[in-house]
Each structure stands twice: as C-alpha cells, then as structure tokens.
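A.B. asks: Supplied in structure tokens, the structure appears directly below.
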2 protein chains.
Amino acid sequence: MSNKIQLGIVGYGNLGKGAVKAIKATEDLELVAVFTRRDPKALNLGEPGVKTVHIDNASDYQDTIDVMLLCGGSATDLPEQTPHFASMFNTVDSYDTHAKIPEFYQSVNDVAAKHHTTAIISTGWDPGLFSLNRVMAEAILPNGGNYSFWGKGLSQGHSDAVRRVEGVKNGVQYTIPSEDAIEKVRSGINPELTTSEKHRRVCYIVPEEGANKAAIENEIKTMPNYFADYDTEVNFISEEELARDHSKAPHGGFVIQSGNTGEDNNQLYEFSLKLDSNPEFTSSVLVAYARAAYRMNQEKQFGAKTVYDVAPAYISPRSAMELRRDYL
Amino acid sequence: MSNKIQLGIVGYGNLGKGAVKAIKATEDLELVAVFTRRDPKALNLGEPGVKTVHIDNASDYQDTIDVMLLCGGSATDLPEQTPHFASMFNTVDSYDTHAKIPEFYQSVNDVAAKHHTTAIISTGWDPGLFSLNRVMAEAILPNGGNYSFWGKGLSQGHSDAVRRVEGVKNGVQYTIPSEDAIEKVRSGINPELTTSEKHRRVCYIVPEEGANKAAIENEIKTMPNYFADYDTEVNFISEEELARDHSKAPHGGFVIQSGNTGEDNNQLYEFSLKLDSNPEFTSSVLVAYARAAYRMNQEKQFGAKTVYDVAPAYISPRSAMELRRDYL
C-alpha cells in the first residue's frame, strides 16, 4: 500500500489532462483513475498505471481514492458534479461563475457537512490565488484601492463571439491589460477605472475568402458588451498563421493593492501570473489543494471550503518543521 | 464594552509607532495601551484614549487585552519577550533571525501550548508574506526555481557598516535588485544566481571635512561579506542632501517562481512589494495577523503558529460569507 495521497480525476478535457501531468510532477500524490462520461476504453492516457473508468462507476472507488479532482466546466458540469461527488469523496474543483458562488457553496456545504467530506471549491487562479491576494492585501492595507487586471490572455468567450461574425472563418481574441492603467495604479493615485479602461482587446481573424474585411472589423468593434466599450484592435491573418502563432492558451494578470499608511507613505502590493498554459496552471493549483482537502478531512474539517479557509501549510508537500526551517 | 478586538503594543520604536497608526486605520481593532521600558509618562502617543504603561505592569492587563503586538527587535528583545508575554497573552511578533527560527518557535510553542495562548511568530513581509509566497509557489509549480530579491531598500546593517569607515561622517546604503538578474529569472531559464549576483549596493556617503574620498570608496568596495562580492556604487553627498533625500526607510522586493508544466509550458508566479515605509508596512501585517491570533485562540488553536498555519480568512475583518460573495 502506498503512502501517497490517492487521487482520482473526473473529466478528461484540458483541465483533466493538465491534472494528470501536474500529479506526475509531485512525489507525494498518486493518480488512481480518470473518470469519464465517454467510453473509458476510448481514452488513451499514456499512463499504464492509471485506470480509465466510466463516471457511473466512481462509487466503487470510495475506499481507494482520498480526493477527487473535479475537472469539469462551471456552466453545467460542476453545479451537478460537486454536490454528487462530495457525498462520497473529498473534492477539489475550479468553479468560477463568480456571481453564483454563494449558492454553489451552500449546495456543496450541505452535502459535504452531512457526509463528513471536505470539498474545496473555486480553486485555481481567479477565483483562487487572485481571490486570496485581494483579501490579504486589503486586510493589511485597508486604506487603499484594489485592482485586478487580466491578461495577456486568450479569452474563450470573446473568441467564440468573433467566430460568430459573418465572413469570419476562424479567429481568437486576447484580453490585454492596459499598460497605462497599470502604471496609474502603481503610481499610488488610486484611479477610478472601469474594466474597459483597464483592458484592451486584440483579435486575430482568418476571413472567409472574399469576405468584406472592413465590415468584419466594424461589426467586431461595435459589438455590444463584448467589444464596443473597449479599445479593440482587429488583425487579419491566414489559417496557417493562426495555427502557428495562436494555438496555445496563455493567460495571467495582476492583483495590485495600492495603500497608504501613516501620514502619506505609499505601499504597493502586487501579485502577478504570466502563464503559457492557463489550463495546466489551473490544474496545478487544483492538485496542490488536493493535499489540503485530504489533510483537512483527516483533521475532521468537514464541509465546503474555499482558499480563504485553507492554511498555506496544507497545500505544501513539506512538513511544518521543514517549512519553518527552510522557507520562513 | 466594545465589540472590537482589544490590542496592546509592547515597544514604541518604529514598529510600535507604525502599529499605532495601522490600528487606527481599522474598524474592528482597538488599542488599549502601549507598554514601554522607559518612563511611561515620557511617552507622548498623541492618542488620548490609549494608556502608556510600564512593561513590568503588563500582567495587570491580562483580562483586558486580547492580543499583544510585540514590536521589539529580533536580536535581544523578542527571544526574551515573546516567551514571557505568550505565558499571559496571545501575541504577534516579527522575529526575523531566519537561522534561529526553529529554536525560537520551540521556546514560544512550549509556553503558549502550556498556557493556552496563541502566538503567531515571524510575521511581516520577510519572514511573512515572502515566506508564504515561496511555499505556495513551490507547492503549485514543483518543477521550477524560486528566487527572492530584496530592495530597493535601505539596509540598516550595511548603513551601519559604511558609517564605521574612517572619514565617513554619515551615510546610508541601499540594496537594489539587479534588473538583469530579474529579467533572466522572468525569461524562464532558471539561472543559478548567488545573492551577490542578484543585487547591487548603492551608498550615499557624507565625508568628514578633508577626508580622502578615494580611500573611503576603496575601503567600502573591498569590505568583506558586506560589499566585496557585490557590484557596489559609492556616491558622495552633503549632510543636507542626506537629510532631504534619504530620511525615509523604503524597502520591498520580489518573490518569483518560474516553473514548467506539461511538455514545456513556462509559468511565472510573481509577488512583489514596493514600500515607502518598511516599518509601517511590517506593523500593518502584524496588526492584520492580530485578528488571526485572537480568532484562532477562540477556536482553541493554542501554541506557536507561523503564517503557514493561518488560513487567510483569519486576517480579514470581513465575514466568511462576505469574502465568498465579494472577493472570491
């Protein structure tokens, strides 16, 4: 029997694939099985020791798996899956529909508290690490302003929107934080900034043959909610260029708290991420928080938890003594 | 009787003064008294509601004060004061002699566990927030390198060293992170860097009248341990310029984790501080962690704790529900 914490993964999209790789990079965690709605035989993980199992048979693994990583989407998967799996397993998920988090928390907490499991919800980087830094920065510097910037990042929703424009064959959209806005915030003047003042949008569009480029550009730039309020740039490229230069999913961003202490001393607190692969980083955060779900459950901390409830030592593979001696 | 958490401050140096201001900036914390080894009547806080009390009479306040902020120095004050006060109060301190932390932890933990108090040690920014980010970044990105840079900051120890050089009337020293080294780290190549390769040192010296400037510069640049291994710059200025331009105590720095996930995706995690006033920021961190000391004690989490043991929600004035709804 292994001393490692035994993990399962539910869902084998980008996040699930990232989680498989992230678990391999650790020494204290072991992947038992990937659970899928598809035919499990059709899944080729390239990991001989790891089973592929139909999601309906997950309950057979209650005695084997310590923590289940829920790698589904927030729109339809997680609102059903997290309460379902939290009745049988400790779980970690990346539920990110900000407006519905209180409701989601409640539904998961009811189940996890009743079944004595520990369900860490809404991890990843935003929600997740960004959320953590917003709260810590404000607790330390209450006289100040807090700013979140996102990007440079590929936005799935906005990329979908440009691809629906007539005459567009393919395309992607990047959200880019405004350097000018960041510099204003860093200068300590605590500016009032809307989301559209903090970001610009850059599109790379492959037009259909013979399409009216001016019409495409105009339709994108005037699209309500998505682009109309933003400084938007539209570039036309070939299908080859799109495949060569825009096939990754980079993302990142900044959380900046600019605060004052004493008479007039400016104090700048900044957290940032620059990610080549958004899903691989998000799943790396999920995997680290799996340690916390396991350990907090061992200590009978049952129910739904967020990053705010997790002492940082719980996510580290190192002992408390090592942390104090080598990292403090 | 107030609903606010009742605080005391031990020591009225730069940290203690910063703590008085930081407590005033909160709505949920209240300062009861400042304890001093000096004549308490000689202390003018400018805060009518706050008592000044001799340190020997602190035990009279055991029923009044929820958390004592220990604002003494690490060299001689805290090794005695933290165990002493932890026998009577919950405490927060900024003990920062990295090499002796395990020993310090042990001595405080013995007392706090026995007396059912909660003593959060070694808070501030390094140790403190930097320590937290080193551990979280490594837990999330185990395949990577972790780099701490300090500065631009006024270094007390190095300023003392230059002032001891013959012919130096007054002077200060700034530690400055090497832009070149930071860029190398950000590029993802995970370079091997010594502390001296990561930082340069810049001195502003007021020479005695008629002093040999070349000899001063040479003695500073060749001083073992302090300067010999560093790219060191020596500038000569007047006493007026020193007073005008170098009377603040700025500091800050960067914790950067550059990690790889999957095949070859670089992921950059960065935390940084740029502080006009090092002591005011440090005391703001202490004040935030006072909430944690109080709350963890209410939950019977007794003993010595570090930032690794403190769930972030404990340092925030907001409720768990507010945090989930408005910050996650």
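A.B. asks: Would you point out the residue of the stretch B:5-49, among those that are over 20 Å from B:SER277 (Cβ atoms) and within 14 Å of another protein chain (Cβ to nearest Cβ), that is surrounded by the most Cβ atoms within 10 Å (Cβ to Cβ)?
C.D. replies: Once the filter is applied, the top-ranked residue is B:ILE5.
A.B. asks: Among the candidates B:ALA290, B:ALA304, which residue alone is surrounded by 24 or more Cβ atoms within 10 Å (Cβ to Cβ), of a type in the set (A, V, I, L, M), touching a strand residue (DSSP E or B) at 6+ places or on another chain (Cβ under 7 Å) and not in a helix (DSSP H, G or I)? Before the answer, list the steps.
C.D. replies: On the way: B:ALA290 fails: not in a helix (DSSP H, G or I).
That would be B:ALA304, the only listed residue that is surrounded by 24 or more Cβ atoms within 10 Å (Cβ to Cβ), of a type in the set (A, V, I, L, M), touching a strand residue (DSSP E or B) at 6+ places or on another chain (Cβ under 7 Å) and not in a helix (DSSP H, G or I).
A.B. asks: Would it be correct to say that A:GLU322 is within 14 Å of chain B (Cβ to nearest Cβ), charged (D, E, K, R) and not in a strand (DSSP E or B)?
C.D. replies: Numbers: within 14 Å of chain B (Cβ to nearest Cβ): yes; charged (D, E, K, R): yes; not in a strand (DSSP E or B): yes.
Yes: the conditions hold for A:GLU322.
A.B. asks: Further question: If you go through the stretch A:105-152 one residue at a time, how many are under 21 Å from B:ALA311 (Cα atoms) and over 14 Å from the mean Cα position of the chain (by Cα)? Show your work before the answer.
C.D. replies: Taking the stretch A:105-152 and keeping what is under 21 Å from B:ALA311 (Cα atoms), we get A:105-106, A:108-109, A:112-113, A:116-142, A:146.
Now drop any that are not over 14 Å from the mean Cα position of the chain (by Cα), which leaves A:105-106, A:108-109, A:112-113, A:116-119, A:133-142, A:146.
Final tally of qualifying residues: 21.
A.B. asks: Within the stretch B:123-133, is there a residue that is more than 30 Å from B:THR82 (Cα to Cα), among the β-branched types (Val, Ile, Thr) and in contact with a helix residue (DSSP H, G or I) (Cβ under 6 Å, 6 or more places away or on another chain)?
C.D. replies: Taking the stretch B:123-133 first, the residues more than 30 Å from B:THR82 (Cα to Cα) are none.
No, that holds for no residue.
A.B. asks: Assess whether A:ALA119 counts as being outside any helix (DSSP H, G or I), within 24 Å of B:ILE315 (Cβ to Cβ) and of a type in the set (Gly, Ala, Ser). Spell out how you get there, then give the answer.
C.D. replies: On the way: outside any helix (DSSP H, G or I): yes; within 24 Å of B:ILE315 (Cβ to Cβ): yes; of a type in the set (Gly, Ala, Ser): yes.
For A:ALA119, the condition - outside any helix (DSSP H, G or I), within 24 Å of B:ILE315 (Cβ to Cβ) and of a type in the set (Gly, Ala, Ser) - is met.
A.B. asks: Would a scan of the stretch A:276-283 turn up a residue that is of a type in the set (Asp, Glu), modelled with pLDDT of 95 or more and surrounded by fewer than 18 Cβ atoms within 10 Å (Cβ to Cβ)? Reasoning before the result, please.
C.D. replies: Kept after step one, since they are of a type in the set (Asp, Glu), are these residues of the stretch A:276-283: A:276, A:280.
Now narrow it down to the ones that are modelled with pLDDT of 95 or more: A:276, A:280.
This time we only want the ones that are surrounded by fewer than 18 Cβ atoms within 10 Å (Cβ to Cβ), so: none.
Looking for residues that are of a type in the set (Asp, Glu), modelled with pLDDT of 95 or more and surrounded by fewer than 18 Cβ atoms within 10 Å (Cβ to Cβ), one finds none in the stretch A:276-283, hence no.
A.B. asks: List the residue pairs whose Cβ atoms are under 7 Å apart, where the first residue sits in the stretch A:290-305 and is more than 10 Å from chain B (Cβ to nearest Cβ), the second is in a loop (DSSP other than H, G, I, E, B), and the two are 6 or more positions apart or on different chains.
C.D. replies: Once the first residue is more than 10 Å from chain B (Cβ to nearest Cβ) and sits in the stretch A:290-305, its partners that are in a loop (DSSP other than H, G, I, E, B) give A:TYR294/A:ASP66; A:ASN297/A:THR117; A:PHE302/A:HIS116; A:PHE302/A:THR117.
A.B. asks: Could I ask something else about it? Tell me yes or no: at least one residue of the stretch B:31-48 is more than 16 Å from B:ILE5 (Cβ to Cβ), in contact (Cβ under 8 Å) with a residue 24 or more places away in the chain and of a type in the set (Gly, Ala, Ser).
C.D. replies: Checked against the condition, which is being more than 16 Å from B:ILE5 (Cβ to Cβ), in contact (Cβ under 8 Å) with a residue 24 or more places away in the chain and of a type in the set (Gly, Ala, Ser), the stretch B:31-48 yields no hits at all.
A.B. asks: So A:SER178 fits all but one of (1) within 13 Å of another protein chain (Cβ to nearest Cβ); (2) more than 30 Å from A:ALA304 (Cβ to Cβ); what number is the exception?
C.D. replies: Unmet for A:SER178, out of (1) within 13 Å of another protein chain (Cβ to nearest Cβ); (2) more than 30 Å from A:ALA304 (Cβ to Cβ): (1).
A.B. asks: Something else about it: Could you go through the stretch A:85-93 and let me know if any residue there is buried (at least 24 other Cβ atoms within 10 Å of the Cβ), away from chain B (no Cβ under 14 Å), of a type in the set (Phe, Trp, Tyr) and not in a helix (DSSP H, G or I). Walk me through it before giving the result.
C.D. replies: The first filter runs over the stretch A:85-93 and keeps only residues buried (at least 24 other Cβ atoms within 10 Å of the Cβ), leaving A:85-86, A:89-93.
In the following step, the residues that additionally are away from chain B (no Cβ under 14 Å) were identified as A:85-86, A:89-91.
Applying the additional criterion that residues be of a type in the set (Phe, Trp, Tyr) yields A:85, A:89.
Pick out the ones that are also not in a helix (DSSP H, G or I) and you get A:89.
The answer is yes; a qualifying residue exists.
A.B. asks: What's the total number of residues in the stretch B:29-78 that are under 19 Å from B:ALA290 (Cβ atoms), aliphatic (A, V, I, L, M) and in a loop (DSSP other than H, G, I, E, B)?
C.D. replies: Selection size over the stretch B:29-78: 3.
A.B. asks: From the list A:ALA249, A:ALA243, which one is assigned to a helix (DSSP H, G or I), more than 9 Å from chain B (Cβ to nearest Cβ) and surrounded by fewer than 22 Cβ atoms within 10 Å (Cβ to Cβ)?
C.D. replies: None of the others qualify; the one that does is A:ALA243.
A.B. asks: In the list B:SER155, B:SER159, B:SER122, which residue meets the criterion of being touching a His at 6+ places or on another chain (Cβ under 9 Å) and without any contact (Cβ under 8 Å) to a residue 60 or more places away in the chain? Before the answer, list the steps.
C.D. replies: Numbers: B:SER159 fails: touching a His at 6+ places or on another chain (Cβ under 9 Å); B:SER122 fails: without any contact (Cβ under 8 Å) to a residue 60 or more places away in the chain.
Being touching a His at 6+ places or on another chain (Cβ under 9 Å) and without any contact (Cβ under 8 Å) to a residue 60 or more places away in the chain holds for just one of B:SER155, B:SER159, B:SER122, which is B:SER155.
A.B. asks: Might you let me know whether the stretch A:93-103 holds any residue that is out of contact with any helix residue (DSSP H, G or I) (no Cβ under 8 Å at 6 or more places or on another chain) and aromatic (Phe, Trp, Tyr)?
C.D. replies: Within the stretch A:93-103, not a single residue is out of contact with any helix residue (DSSP H, G or I) (no Cβ under 8 Å at 6 or more places or on another chain) and aromatic (Phe, Trp, Tyr).
A.B. asks: Looking at the stretch B:132-150, can you tell me whether even one residue there is surrounded by fewer than 22 Cβ atoms within 10 Å (Cβ to Cβ), within 21 Å of B:ALA75 (Cα to Cα) and more than 9 Å from chain A (Cβ to nearest Cβ)?
C.D. replies: Within the stretch B:132-150, one or more residues are surrounded by fewer than 22 Cβ atoms within 10 Å (Cβ to Cβ), within 21 Å of B:ALA75 (Cα to Cα) and more than 9 Å from chain A (Cβ to nearest Cβ).
A.B. asks: Further question: Of everything in the stretch B:255-266 that's facing chain A (nearest Cβ under 9 Å) and of a type outside the set (S, T, N, Q), which residue is surrounded by the most Cβ atoms within 10 Å (Cβ to Cβ)? Step through it out loud before you land on a result.
C.D. replies: Here is the first cut: in the stretch B:255-266, the ones facing chain A (nearest Cβ under 9 Å) are B:259-266.
Narrowing further to those that are of a type outside the set (S, T, N, Q): B:259, B:262-264.
On the way: B:GLY259: 23, B:GLY262: 21, B:GLU263: 8, B:ASP264: 9.
Among those that are facing chain A (nearest Cβ under 9 Å) and of a type outside the set (S, T, N, Q), it is B:GLY259.
A.B. asks: Let me ask something else about it. Quick check on the stretch B:53-65. Is at least one of its residues within 14 Å of chain A (Cβ to nearest Cβ) and surrounded by fewer than 19 Cβ atoms within 10 Å (Cβ to Cβ)? Steps first, please.
C.D. replies: First pass over the stretch B:53-65, keeping only residues within 14 Å of chain A (Cβ to nearest Cβ): none.
Checked against the condition, which is being within 14 Å of chain A (Cβ to nearest Cβ) and surrounded by fewer than 19 Cβ atoms within 10 Å (Cβ to Cβ), the stretch B:53-65 yields no hits at all.
A.B. asks: Please work out which residue is nearest to A:LEU275 (Cα to Cα), limiting yourself to the stretch B:252-287 and to residues that are among the β-branched types (Val, Ile, Thr) and assigned to a strand (DSSP E or B). Spell out the reasoning first.
C.D. replies: Quick first cut of the stretch B:252-287, residues among the β-branched types (Val, Ile, Thr) only: B:255-256, B:261, B:282, B:285, B:287.
Keeping just the survivors that are assigned to a strand (DSSP E or B) gives B:255-256, B:261.
On the way: B:VAL255: 16, B:ILE256: 13, B:THR261: 10 Å.
The selected residue is B:THR261.
A.B. asks: While we're here: Go through (1) touching a Ser or Thr at 6+ places or on another chain (Cβ under 8 Å); (2) over 28 Å from A:ARG186 (Cα atoms) one by one and return the number of the condition B:ILE205 breaks.
C.D. replies: (1)
A.B. asks: Looking at B:TYR226, B:TYR269, which one is surrounded by 22 or more Cβ atoms within 10 Å (Cβ to Cβ) and not acidic (Asp, Glu)? Even if it seems obvious, please write down each step before you answer.
C.D. replies: On the way: B:TYR226 fails: surrounded by 22 or more Cβ atoms within 10 Å (Cβ to Cβ).
Only one candidate passes the filter, namely B:TYR269.
A.B. asks: So B:ALA119 passes all but one of these: (1) more than 14 Å from B:GLY303 (Cα to Cα); (2) small (Gly, Ala, Ser); (3) within 14 Å of chain A (Cβ to nearest Cβ); (4) buried (at least 18 other Cβ atoms within 10 Å of the Cβ). Which condition number does it fail?
C.D. replies: (1)
A.B. asks: Also: Tally the residues that are in contact with an Asp or Glu (Cβ under 9 Å, 6 or more places away or on another chain) and not in a helix (DSSP H, G or I), restricting the search to the stretch B:10-28.
C.D. replies: Adding up the residues that qualify gives 2.
The values are calculated or read from the model by the stated rules, or taken from the named source; none is laboratory data. Quantities reported herein were computed from a predicted structural model and do not represent experimental measurements. Neighbour counts run over all protein chains shown; Cβ positions are idealised from the backbone, glycine included.
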